[in-house]
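Report on the structure given below.
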Amino acid sequence: MEFDISFDFSDNSTENISEESGDFDMDDEEPCDRVVRNHFNKIFLPTVYGIIFILGIIGNGLVVVVMGYQKKVKTMTDKYRLHLSVADLLFVLTLPFWAVDAAKTWYFGSFLCVSVHMIYTVNLYSSVLILAFISLDRYLAVVRATNSQATRKLLASRVIYVGVWLPAALLTVPDLVFARLQDRESSNFPFLNESIESADSRIVCQHIYPTEESRKWTVGFRFQHIIVGFILPGLVILICYCIIISKLSQGSKGQALKRKAVKTTIILMLCFFSCWLPYCVGIFLDNLMMLKVISSPCKLQHAVETWISITEPLAYFHCCLNPILYAFLGVKFKTSARSVLTASSRSSQKVTLMTKKRGPISSVSTESESSSVLSS
């Protein structure tokens, strides 16, 4: 499953270029055998996608429930957590479709083919971009704490829609234009009738580009993902968190609290880059082979394609870590979660009495905790 969804989700890399677009017919190279890799993907991808789906539903679903349970106005940290959990939750809801597609074939018809592609794309891009906004918010809270409140409110309430959701929605246009059903045994003819499937064919849901430009389209959208989905948000995250670490390392007061904050910040960076960097390196190398910048013998093709097949689910696993990194590490959030679970087993009268006695429980850390980076 490629991020730009140019390829079949069970058959990564240059296979679609070689077998479907016809571009390989113009080359002197003999197509490589991919039977072993295809068998590996049919077992590995559905298994990993199933695990990500279950963990992602539980973690992000709990965050959304806790946020929805709290009636009071949310802080900036709350708002980012809610945006992030909604994006991750919608993303993992698309994984069962791709798991079935990898294991067997696409059973869900042309309408769902386009719809699932669009949901998948908008929420995967938005999830990564929201992480960049969170790092920027923490930079303002820690480094420019005295005069950043108005800017942080503007970012969390308005700019996030223009800087995250609007670009993510615009990036789904290729899904609307190019996502089609196709018989793997046929040429580039997209089936519009979802019932068409022979015993010797396999219906796939993927981007189908014009035959003569297929390679260029594929490479272009992959580079778009690397730049918009990794490099730009990665630079924001790296720069903001490095400045935060430098700021927290200064002074001698509250060293224990600062050490904990620095440790949390380092964990956030390591998790992001550990999940996304290997996959982006893989598709970058595959792009270079498709552009013939580097030679692509069968052994290297197999190695890169296997690397992509393994590191792609690792990248998606980040949506399971987000609830832990950005919600459950907050002490107040864990208190709120326990309150929600406890309240669900009590009568409405007891819940009302408890609220009157204790007052409304904030669903997240206070702004001072956000400033100390411990509300992650």
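Read-outs throughout are calculated quantities, based only on the coordinates presented, and are distinct from any laboratory measurement. Remember, predicted model here, so these are calculated numbers, not experimental data. Quick reminder, even Gly has a Cβ in these numbers, built from the backbone with ideal geometry, and neighbours come from all protein chains shown.
When the alpha carbon gyration tensor of the stretch 249-302 is reduced to an equivalent ellipsoid, the three semi-axes, largest first, read 43, 10, 7 Å.
Placing pseudo-labels 7 Å out from each Cα toward the beta carbon at Lys42 and Lys263 gives an inter-label distance of 4.7 nm.
Estimated at 0.36 nm per residue, the fully extended path between Lys292 and Ile227 surpasses their Cα-Cα distance by 21.3 nm.
Mind checking the full-extension length gain between Val162 and Phe284? Use 0.36 nm per residue of separation minus the Cα-Cα distance, one decimal, nm.
Value of the extension gain: 41.1 nm.
The protection proxy used here, the mean number of other Cβ atoms lying within 10 Å of each residue, ranks peptides 45-51, 119-125 as follows, highest first: 119-125, 45-51. Note on the stretch 225-280: Cα Rg divided by 2.2 N^0.38 Å, N the number of residues, gives 1.32. Think of the stretch 39-188 as having a plus end and a minus end, set by charges on the Cβ of Lys, Arg, Asp and Glu; of Thr105, Leu171, Ser127, Ser127 sits farthest toward the positive end of this dipole.
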